[in-house]
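Participant: One structure, as structure tokens, below. Some questions next.
None of the figures in this text is laboratory data; all of them are computed from the coordinates on show. Small disclaimer: the values here were computed from a predicted structure and weren't measured.
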Amino acid sequence: MEDSHFSTVREMKFALRGQRKMDLLVGYLLLCGVVLSMALIIAGLIWRFFRIGHLSVSQKISGMNLFEFAVSEARMVLADHLRPRTLIACGIAVLMLTPYIRVLASMLYFIFALKNWKYSLFTALVLAVLTFSLFIR
């Protein structure tokens, strides 16, 4: 009887350690996404200021979903048309994809580390809704 109590306590400690690791991972994902986004946007604004003398940015993104937006900006970079607007656009795309990557990481954690199918299903549903929302114009 006492052995089962100790194994339960050990399992709980192991689960808590795993949860702390996941919390740290999620925290770092969110922090890195926001910091990278901010750095790209600020770099684009500073470059724009030195290029034209003011910070106004006119960028039309209506009529595009996130993936069309990202692909159009990637094509400009690959065609060697890197401009301040491209850095700002990449910063916006990174900021929009940060919560998506967070949910994806959570789903993978629930599937592979915890093997908790109920949470995996709910997280997959949230991921499906987020994926659908990224394709809406």
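Participant: Using a 10 angstrom cutoff on alpha carbons, build the Gaussian network for the chain and name the most mobile of Ile52, Ile41, Ile111.
Facilitator: Of Ile52, Ile41, Ile111, the most mobile in the Gaussian network model is Ile52.
Participant: Please list the three semi-axes, largest first and in whole Å, of the ellipsoid equivalent to the chain, using sqrt of 5 times the eigenvalues of its alpha carbon gyration tensor.
Facilitator: Ellipsoid semi-axes (Å, largest first): 42, 18, 10.
Participant: According to the Cα gyration tensor, what semi-axes, each the square root of 5 times an eigenvalue, does the equivalent ellipsoid of the stretch 16-67 have, listed from largest to smallest in whole Å?
Facilitator: 35, 16, 5
Participant: Report, in degrees rounded to the nearest 10, the 0 to 90 angle that the Cα long axis of helix 66-78 makes with the longest principal axis of the chain.
Facilitator: Result, in degrees: 60.
Participant: In deg cm²/dmol, rounded to 500, what helix-only [θ] at 222 nm does the chain give when every DSSP H run of at least 4 residues adds -39500 (n - 2.57) and the total is split over its residues?
Facilitator: Numbers: 4 runs with 108 residues, N = 137.
Per the formula, -28000 deg cm²/dmol.
Participant: May I ask for the angle, rounded to the nearest 10°, between helix 84-108 and the longest principal axis of the chain, with both axes built from Cα atoms and the value confined to 0 to 90°?
Facilitator: Result, in degrees: 10.
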